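Q: Can you read through this structure? Questions will come right after.
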Amino acid sequence: MMKPFRMFFRSIRDAFKSVFRNFSLSLASISCIAITLVIVAIAIMASLNVNNFTKVIKEDVTIVVYVNPEVASSEIGTIKAKIEQLDNIATIEYKSKDKLKEEMQATSPALNEAMKNWSDDENPLKDTFLVTVKDIEQIDETSDKIEEMKEIDFTDYGEKMVNKLISTFKIVEKVVVVTVIALIVVTVFLIINTIKLTIFSRKREISIMRLVGASNFTIKMPFVIEGMVLGMLGSIIPIVVTMYGYFALYNHFDGELFSPLLRMISPEPFIYIVSLIILGIGIVVGMIGSYRAVRKYLKV
């Protein structure tokens, strides 16, 4: 029962010894992993933030419903109830033209000066409903249904801009995901070739292990754990870059990239999750690279 544990801990010890004994080759592997994982970390953070941009846009998209000026104030409650009965309605808020006038006056001294003497009859603004939907994909249909109501003048939600932004983000997200996968494959390939050199320099050691009756598992295990150690060490720099880099970027832009619609994900716990992902990728990729190098090139 204790033998597998002894073998495992011995393999860990041998793996660490091998890393330092073959320091130049180990450094090459660690550097290769680190450089690739920095790019992977950037790609992952970009992908998740693009996904967040899409989510924010979907949550913030509002249908502005303009009520026909001829509709009496007493009908507002009835109109609101009719809109609420539609399937895709999430929230609805009513704003009278007087309320809109007050809000616009508060935004600018120039507007305040121009609008302060407007009487109710002179106010060209319209009573409106601000409507958000449950499913952004059905927003066109929902907007059309509201606009068909006889009490409604027209609706607007900036459909062209919203649709372009969402479709662009979807394309970017797909490209980033493909990039991450490609980088991981490249990392595995580079590690296989780097560790292949390490294994080649230790052929005599492996031959002796075979001669004394060591099993394939016993020979492979130190190399697989060595790959795990190299992956862990290679993950350190990308994790540091991820943490400090994202904090600096977030603070520099105050959490928004040029627009409130492009809100970045809050650093905590986001950077810790990404760091764990990077560490996991480093360990798994290192182990896979080592295993494939041993299996394919040593034929043990």
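The values are calculated or read from the model by the stated rules, or taken from the named source; none is laboratory data. No experiment lies behind these values; they were computed from the predicted model shown. Positions of Cβ are backbone-derived with ideal geometry, glycine not excepted, and every protein chain shown enters the neighbour counts. Calculation scope for accessible area: heavy atoms of the full protein, side chains included, ligands and nucleic acids excluded. Shrake-Rupley method; radii C 1.70, N 1.55, O 1.52, S 1.80 Å.
Q: Using modelled backbone amide H atoms (1.01 Å from N, in-plane), which distant-in-sequence or interchain residues come within less than 5 Å of Met264's amide H?
A: Glu256, Leu257
Q: Exceeding 21 Å between C-alpha atoms, which entries from my cross-link table qualify? They are Lys97/Lys150; Lys97/Lys134; Lys55/Lys82.
A: Long pairs (Cα-Cα over 21 Å): Lys97/Lys134; Lys55/Lys82.
Q: Can you work out ³J(HN,Hα) from phi for every residue in the stretch 66-78, in order, using Karplus 6.51 cos²θ - 1.76 cosθ + 1.60 and θ = phi - 60°, giving whole Hz and x for Gly and Pro?
A: Each residue's phi maps through the Karplus curve to give 9, 7, 4, x, 7, 6, 6, 4, 5, 8, 4, x, 5 Hz.
Q: Give the ranking of Tyr250, Tyr244, Tyr291 by solvent-accessible surface, highest area first, calculated with a 1.4 Å probe.
A: Tyr244, Tyr291, Tyr250
Q: Rank these residues by their accessible area, most exposed first, probe 1.4 Å: Glu141, Glu70, Glu173, Glu75.
A: Glu70, Glu141, Glu75, Glu173
Q: Next up: Hey, with R₀ at 45 Å, roughly what FRET efficiency would Lys55 and Asp121 work out to, going by the Cβ-Cβ distance, to 0.05?
A: Taking R0 as 45 Å, the efficiency between Lys55 and Asp121 is 0.55.
Q: Please state the equivalent ellipsoid semi-axes for the stretch 220-300: what are the square roots of 5 times the Cα gyration tensor eigenvalues, largest first, in whole Å?
A: 37, 11, 8
Q: Which residues' amide hydrogens lie under 5 Å from the amide hydrogen of Asp127, considering only partners 5 or more residues apart or on another chain, with H built in the peptide plane?
A: Val67, Lys97
Q: When the Karplus curve 6.51 cos²θ - 1.76 cosθ + 1.60 is applied with θ = phi - 60°, which whole-Hz ³J(HN,Hα) does each residue of the stretch 31-40 get, with x for Gly and Pro?
A: Result, rounded to whole Hz: 5, 4, 5, 4, 4, 5, 5, 4, 5, 4.
Q: Next up: Give me the one-decimal nm value for the distance between modelled label points at Ser74 and Ile273, 7 Å along each residue's Cα-to-Cβ direction.
A: It works out to 5.3 nm between the two label points.
Q: Next up: What FRET efficiency would be calculated for the residue pair Glu93, Val240, taking the C-beta separation as r and a Förster radius of 45 Å, to the nearest 0.05?
A: With a Förster radius of 45 Å, E is 0.45.
Q: So, one more: Could you work out how much longer the chain between Ala248 and Val185 gets when fully extended? Use 0.36 nm per residue separation minus the Cα distance between them, nm to one decimal.
A: Once the chain is fully extended between Ala248 and Val185, it gains 19.7 nm.
Q: For the stretch 49-195, treating each Cα as an identical point scatterer without solvent, what Debye log10 I(q)/I(0) comes out at q = 0.09 1/Å?
A: Those come out to -0.45, one per q.
Q: To the nearest 0.05, how large is the calculated FRET efficiency for Glu141 and Lys174 if R₀ is 35 Å and r is the Cβ-Cβ distance?
A: 0.85
Q: What residues qualify as long-range amide H neighbours of Ile152, i.e. H under 5 Å apart, gap of 5 or more or another chain, H built at 1.01 Å from N?
A: Asn68
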